[in-house]
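Reviewing the structure listed below.
Please treat every number below as a calculation from the coordinates, not as lab data. Small disclaimer: the values here were computed from a predicted structure and weren't measured.
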Amino acid sequence: MQHHFEVPPGFTWDSPVPIDLSKRYDVHFWEPGPRLVVYRNVLFRGAASLATPLGRAGVGQFVKVEQEDGGVVFLARQSIIRICENSHESKGEDLHPD
């Protein structure tokens, strides 16, 4: 089966389409272990970083999300693997079931 993907006219990785920050999303995230965790119905509230030892790029960069109860979680930016609008169920197929 061949898949066809068309890039929208004028699209470049240098000018990605921004995420609507007024909407709630389900954020899929890899935790150590590895464990896949979903933070459901969160709002994106910003970005944060820690001082990085020896200038290591990407280390200490976080995305700040607010949960429904108002709690805040900082997620490691490089560990976020999927962002879905909260009103839509993620329908990926597990190609490696246990």
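Numbers at a glance
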read-out: Phi to ³J(HN,Hα) by Karplus 6.51 cos²θ - 1.76 cosθ + 1.60 over segment 17-34, Hz, x for Gly, Pro; value: 6, x, 7, 6, 6, 7, 8, 9, 9, 9, 10, 8, 9, 8, 9, x, x, x
read-out: Under the Karplus curve 6.51 cos²θ - 1.76 cosθ + 1.60, θ = phi - 60°, whole-Hz ³J(HN,Hα) for segment 37-42, x wherever Gly or Pro sits; value: 10, 10, 9, 8, 6, 9
